[in-house]
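So the structure is just underneath, and the comments pick up after that.
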Amino acid sequence: IKDSWNELKNPVLIWYMFLFSGFWFMLYIYWDLGPLYFRDWVDTSVLVKDIWGDAKPSEFMIRFFVMDNEGTRILPEGVVNINSMLIMVICFWVAGLSAKLKAANSMALGTFLASAALLLIGGFNAAWVMVFGIIIFSLGEMLSSPKCLEFLGNVAPPQKKAMYLGFSQLPFAIGATIEGFTGQIAYADYASKDTISRATLVQAGMDASEAA
């Protein structure tokens, strides 16, 4: 434990912990709050109409894209699953691309793309903008997340590479813990359609007990 603590004082590791804790915080914001945001603010029926027109999607498509039973809109979990689907389909292509980049450059590019994607998703609520944002976010995730192990292996002193690979899990724990305590609360207080609707009704003159 003492040896590990001494290594954690390495300035490179300190910056790594700080930056990648923020990276994992972003990913958990997407996974935890994405379904709530898409449920409250995104009209996914636009996607169904643009792709299938007036025709009803087949039963297979309804299940594959996680639509409602009528096939009129994509459910929030279906929108979030775009990320998982992209990772399954194109992760090998992105891995080949990132292999041509230095680990630090790939991590920086991926983190930038993921951050920009979340700003795009949070700044607009048009359905196709969400799809575009999720694609960019997924590319950022695929460029950043796997490369962190390579980066730590490169900066680790001889005979301590296993220790440094163990350190890779610390930002995951820090980011997930902080998001778990702040993400849901922040969304409930400032972004939930239910909360905003109740506050609007109170401002319009309705009694607070009735709005509740």
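The values are calculated or read from the model by the stated rules, or taken from the named source; none is laboratory data. A quick note: this is a predicted structure, and the numbers were derived from the prediction, not measured. Cβ coordinates were reconstructed from backbone atoms using ideal geometry, including for glycine residues, and neighbour counts include every protein chain displayed. Just the protein is used for accessible areas: all its heavy atoms, side chains included, with ligands, DNA and RNA removed. Shrake-Rupley method; radii C 1.70, N 1.55, O 1.52, S 1.80 Å.
Only Cα pairs under 8 Å and at least 6 apart count here; give the relative contact order of the chain as a rounded whole percent.
Working: 197 pairs, mean separation 56.9, N = 212.
Once divided by the residue count of the chain, the mean separation gives 27 percent.
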(request) Please build a GNM for the chain, connecting alpha carbons under 10 Å apart, and tell me which residue among Gly175, Gly71, Gly34 fluctuates the most. (result) Gly71
(message) Using only the alpha-carbon atoms of region 138-180 as identical scatterers, what base-10 log of I(q)/I(0) does the Debye formula give at q = 0.34 Å⁻¹?
(response) -1.06
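Given axes a ≥ b ≥ c from the Cα gyration tensor, I'd like to know whether region 93-212 is rounded (a/c under 1.5), prolate (a/b larger than b/c) or oblate. Walk me through the intermediate numbers first.
Values: a/c = 5.36, a/b = 2.08, b/c = 2.57.
It is oblate, given that a/c is not under 1.5 and a/b is not larger than b/c.
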(request) Once you've got the Cα coordinates, tell me which of Lys2/Lys147; Lys2/Lys161; Lys9/Lys160; Lys49/Lys193 are over 21 Å apart. (result) Lys2/Lys147; Lys49/Lys193
(request) Please give the helix 11-41 orientation as an angle from the longest Cα principal axis of the chain, in degrees from 0 to 90, rounded to the nearest 10. (result) 10
(request) Please work out, to two decimal places, the log10 of the ratio I(q)/I(0) at q = 0.16 Å⁻¹ from a Debye calculation in which every Cα of region 1-110 carries one identical scatterer. (result) -0.90
(request) Would you compute the Debye intensity of region 164-207 from its alpha-carbon atoms alone, equal scatterers and no solvent, and pass along log10 I(q)/I(0) at q = 0.32 Å⁻¹ to two decimals? (result) -0.99
(request) Roll a 1.4 angstrom probe over the protein heavy atoms and tell me the percent of accessible area of the chain that is carbon or sulfur. (result) 68
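Quick check for you: with a 1.4 Å probe and neighbouring chains kept, what is the accessible area per residue of the chain, in Å²? Could you put the intermediate results ahead of the total?
On the way: 12380 Å² over 212 residues.
Heavy-atom accessible area per residue stands at 58 Å².
Starting from 0.36 nm per residue, how many nanometres of slack lie between Phe60 and Lys9 once their C-alpha separation is accounted for?
Values: separation 51, 0.36 × 51 = 18.36 nm, distance 5.37 nm.
Value of the extension gain: 13.0 nm.
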(message) Can you tell me the mean projection area, over all orientations, of the convex hull of the chain's alpha carbons? Units nm², please.
(response) 16.0
(message) Run the simple label-point estimate for Leu170 and Trp128 please: 7 Å along Cα→C-beta, distance reported in nm.
(response) 4.6
